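*Asks:* So that we are looking at the same thing, I have put the structure below in structure tokens.
None of the figures in this text is laboratory data; all of them are computed from the coordinates on show. Computed from a predicted structure; not experimentally measured. A quick note on method: Cβ atoms are made from the backbone with ideal geometry, for glycine too, and the neighbour counts reach across all protein chains shown.
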Amino acid sequence: MAKVVIEALVARFPGDVYDPYEGAGGDDCAFVQKSKIVEVCRFLKTDPAMAFNMAPYITAVDYLGAEPRFEVVYNLLSTAHNHRIRLRVKVPEADLELESVTTVWRGANWFERYCLDMYGISFRNHPDPRRLFMYDEFVGHPLRKDYPLRGRQPLVPEREVKDIFRGPGPVGRD
């Protein structure tokens, strides 16, 4: 059971992994200190007893009015042992930066860019820290709870984009 994994994490990282609980969806969860997230994730991936080889979803949550305001949530999966766990990292509004886990799971790249673009949470040592959905001139982060519902964005000139759909074949083909 994933409860055993969480208990092993709490024992291995005392004080850094704390407040374990069973989530509403049945996933076992725990909070992780912001400074230790990469170390905990690397242990979960490399230890044969854990073998969490996938991070299928990483997202953020905005608790407007609470402190710390943000959380980054790591949903992890071990296909070898069929375990799922959720790690939650509290991120204060004054310091919206975490260490990137792309050195552990390359697939985390897209999700960390999503958190940057939608919530404004940046990741140190990320290989490609660009916006994912919004254009470069977009002001703000649309999934923050204080983002204006009828917010207007600056108009930007249309960019010249190469024909990305046409491959290297003959020019006259459709």
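*Asks:* Within straight cross-link reach of K45, meaning Cα distance under 29 Å, which lysines are found once same-chain residues fewer than 8 apart are removed?
*Replies:* List returned: K3, K34, K36, K90.
*Asks:* Would you look at the GNM of the chain, springs on alpha carbons closer than 10 Å, and say which of S100, S35, S122 moves the most?
*Replies:* S35
*Asks:* I've got another one for you. What is the sum of charges around M50, taking Lys and Arg as +1, Asp and Glu as -1, for the other residues whose C-beta is under 11 Å from the C-beta of M50?
*Replies:* Local net charge: +2.
*Asks:* List the chymotrypsin sites (Phe, Trp or Tyr not before Pro) in the stretch 125-161 that DSSP assigns to loop (not H, G, I, E or B) and whose Cβ has at most 11 other Cβ atoms within 10 Å. Which are they?
*Replies:* F133, Y135
*Asks:* So, counting K/R as plus one and D/E as minus one, what does the shell of residues with Cβ under 13 Å around A11 add up to?
*Replies:* -1
*Asks:* Pull up all non-local amide H partners of F70: gap of 5 or more, or a different chain, and H-to-H distance under 5 Å with H placed in the peptide plane.
*Replies:* Hits under the 5 Å cutoff: Y63, V91, E93.
*Asks:* Another question, then. Find me the longest stretch of the chain that has none of the exposed trypsin sites (Lys or Arg not before Pro), where exposed means in a DSSP loop (not H, G, I, E or B) with at most 13 other Cβ atoms within 10 Å.
*Replies:* Longest run free of exposed loop sites: 1-105.
*Asks:* Further question on the same structure: For the chain, calculate the relative contact order in percent as a whole number, restricting contacts to Cα pairs under 8 Å that are 6 or more residues apart.
*Replies:* Relative CO of the chain lands at 16 percent.
*Asks:* What's the angle, to the nearest 10 degrees (0 to 90), between helix 37-46's Cα axis and the longest principal axis of the chain?
*Replies:* 80 degrees
*Asks:* For n ≥ 4 DSSP H runs only, could you compute -39500 (n - 2.57) per run for the chain, divide by its residues and tell me the 222 nm figure to the nearest 500?
*Replies:* Calculated mean residue ellipticity at 222 nm is -5500 deg cm²/dmol.
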